[in-house]
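Here is the structure we will look at, set down as structure tokens.
Every read-out reported here was derived from the displayed coordinates using simple, explicitly stated rules and does not represent laboratory data. What you see is a predicted model; the values in this text were computed from it and never measured. Cβ coordinates were reconstructed from backbone atoms using ideal geometry, including for glycine residues, and neighbour counts include every protein chain displayed.
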Amino acid sequence: MAGMYHDNDRSKMFSRRALILAGGKATLIGALAARMYYLQVMEADKYTVLAEDNRISTRLLAPPRGLILDRNGIAMAVNQHNYRVMLVAERSPSLDYTLDALARIIAIGDGERARIHKEARRRRSFVPISVRENLTWEEVARVEVNAADLPGIIIDVGQSRHYPLESLGAHILGYVSAVSENELTEDPLEELPGFRIGKGGVERIYDMALRGRHGTSSVEVNAVGRVIRELERKEGEPGADLNLTLDVKLQEYAAQRLGEESAAVVVMDIHTGDVIVMASTPSFDPNSFNRGLTGDEWKDLSTNPRSPLSNKAIAGQFAPGSTFKLMTALAALEGRDITPEMRVFCSGHMQLGSIKFHCWKKEGHGAQDLISGIKNSCDVYFYEIARRTGYEKIAEMAKRFGLGAPTGVDLPNERPGLIPDKAWKKKILKQGWYPGETLVNAIGQGYVTATPIQLATMVARLANGGFAVVPHVARDQIADKTVRPRSNPVWPNMEVSRQSLTLVRRGMFAVSNEPGGTAYKARITQEGMWLSGKTGSAQVRRITMREREGGVKKNDQLPWKERDHALFVAYAPEENPRYSIAVVVEHGGGGSVVAAPIARDILVEVQKRDLARIAENAPGAAPDLRRF
């Protein structure tokens with residue numbers, strides 16, 4: 001009996017366990033079915049989208065970069081086909097085999113080989129690797145002809161920036177180059193391999209508008225990311241074209257006129273602020289930055305004492321020399337510290353305490369009034385009126401006319417120059433202001449420095465009646481990638497009396513058009529084109545008393561670095577002023593001998609171009625639709 005009860009208990013226990021197991025299985029199967037129903041029915045749309053996303057890859061397309069044109073529609077920066085050799089590693093029996101075969105057709109350096117091997121280790125075998133860019137058509141042809149012997153090699157066609165005028169206008173245009181880590185923004189275009197951004201000049205200032213907006217390409221890929229086919233393509237929006245105020249023909253003439261000098265010239269419209277010419281020599285070819293500089297090329301550019309990479313027109317800070325006397329004269333007139341008729345006798349020097357301050361003319365100029373003082377650039381005359389006026393008034397006037405601070409021209413890296421005063425000297429040099437420094441700085445020496453663009457702006461404001469015109473190089477205004485024509489603004493009136501401006505302009509006229517004027521030999525003789533100007537020669541070293549007594553060496557007898565800077569500023573035409581000009585020749589010597597003739601020749605060409613445009617657009621002539 002006992003055995004029978006024991007068997008029954010075991011049977012009941014087994015039945016309960018089987019029931020529990022069956023219930024557990026049923027529960028799991030039910031849960032699995034519910035989950036499958038939820039995923040396949042309730043969430044079907046969601047997972048269909050996810051699966052599609054894994055199958056379809058969206059890729060960015062770089063738009064064409066906007067063109068840069070001069071004021072007459074001449075192209076200064078364009079896009080051209082960039083033929084490049086690409087290598088697909090999975091199609092090659094070995095990288096070295098393919099590269100050896102390719103090297104017999106086009107040059108491949110050891111550095112390029114090392115880079116290719118490094119990228120091949122980093123990338124998947126089906127992703128193309130760039131071997132060489134910017135191939136010539138002859139190189140492309142040789143590769144294509146030998147394609148059968150170059151397993152894994154393909155020719156790809158992209159776009160690259162090209163500057164057809166090469167070094168002409170390079171400092172204004174700037175250049176493009178690859179994006180560095182610290183230049184990344186939220187623009188997805190910057191993630192594209194080989195994408196380039198503006199690194200200087202207007203390419204940098206207007207970079208976002210020139211870039212345009214990216215397009216997209218939807219491609220079908222397999223599980224490892226290999227492209228199967230393109231499903232959809234949406235082209236992007238090309239970058240905006242940028243129209244400059246520059247006149248390429250005049251820019252070319254100015255560059256040729258400067259030659260190989262370390263120099264700069266700026267010509268601007270005194271009413272609109274349009275910069276017609278901005279040349280800095282020597283220059284460089286921006287195409288070399290796009291293709292990549294060699295070590296030797298970079299060394300030549302970076303160690304050249306004449307600084308070809310620097311835009312001297314906006315970044316060259318020079319002592320303005322006697323061109324600054326225009327500001328001293330205006331300050332004295334406006335402060336009523338002198339009258340135009342007041343005479344100062346120049347014996348060749350002025351005594352201040354125990355120190356002699358010399359005039360550039362050793363024997364002196366005799367009695368000088370305002371007009372003759374400007375005409376002859378008499379240092380002693382300006383020493384005396386500076387002593388009467390005080391340097392603070394002179395500094396304030398110079399700042400009103402655009403010196404001592406960036407002008408606001410739409411180019412990067414503009415330098416401010418320096419208009420010193422007592423507060424500046426105490427703060428920077430921890431010293432007080434000495435009376436002799438008033439005299440020296442009043443004639444544009446001492447601590448005073450200015451850039452050519454500032455000097456051209458100074459003369460523009462003087463010639464346009466005292467309005468605070470601001471220079472610019474783009475004819476369009478661009479904000480948030482929106483381009484619109486630049487309107488003609490009403491410039492602020494600087495509240496300088498017309499009488500004072502007229503008197504200073506009369507002095508400038510005498511400089512260039514009256515016998516004995518410091519720039520009389522560089523005058524314009526054509527009727528209706530006369531210029532009015534002011535010469536300047538800025539010393540870069542101190543002349544000792546011993547040198548003065550023994551005879552100062554002429555500039556051409558000195559080492560280049562010790563020669564004076566040659567300067568000249570002017571406006572033209574005299575009767576109805578429209579253009580201002582500033583020329584600075586670094587270590588060029590005398591302003592009247594070197595800089596003034598350059599300015600004269602350029603202003604003649606500028607006015608001739610005006611006459612030609614007037615003739616072209618006369619009644620009955622075909623209109624020039626590119627002009628404005």
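Below is a table of values for the structure above.
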| item | result |
| --- | --- |
| Cβ crowding within 10 Å averaged over residues, with 381-392, 283-294 ranked highest first | 381-392, 283-294 |
| The stretch 288-331 - convex hull of alpha carbons, volume per residue in Å³ | 80 Å³ |
| Set of the stretch 378-397 residues, backbone N closer than 12 Å to the point 7 Å along the Cα-Cβ line of W424 | 392, 394-397 |
| Relative packing of peptides 241-249, 409-417 - highest average C-beta neighbours within 10 Å first | 241-249, 409-417 |
| Listed peptides 324-330, 430-436 by packing density, highest first (mean Cβ within 10 Å) | 324-330, 430-436 |
| Average Cα contact separation per residue, the stretch 333-393, under 8 Å, 6 or more apart, as relative contact order % | 37 percent |
| Net lengthening on full extension, E183/Q526 (0.36 nm per residue, minus Cα-Cα) | 118.3 nm |
| Q80 paired with E562, simple spin-label distance in nm, labels 7 Å along Cα-to-beta-carbon | 4.7 nm |
| Centroid-to-centroid separation of the stretch 368-429 and the stretch 258-280 [C-alpha atoms, Å] | 22 Å |
| Size of charge dipole - the stretch 412-477 - debye, nearest 20, with Cβ of Lys, Arg +1 and Asp, Glu -1, no other charges | 280 debye |
| Cα-based Lys pair tally, the stretch 347-459, threshold under 20 Å, eight or more apart or on separate chains | 11 |
| Using θ = phi - 60° and Karplus 6.51 cos²θ - 1.76 cosθ + 1.60, couplings along the stretch 305-317 (whole Hz; Gly, Pro as x) | x, 8, 6, x, 7, 8, 7, 5, 5, 10, 10, x, 9 |
| Added length on full extension, which subtracts the Cα-Cα distance from 0.36 nm per residue, F357 to D100 | 85.1 nm |
| Loop GluC sites (Glu not before Pro), the stretch 322-380, which have at most 15 other Cβ atoms in a 10 Å radius of their Cβ (DSSP) | E341, E363 |
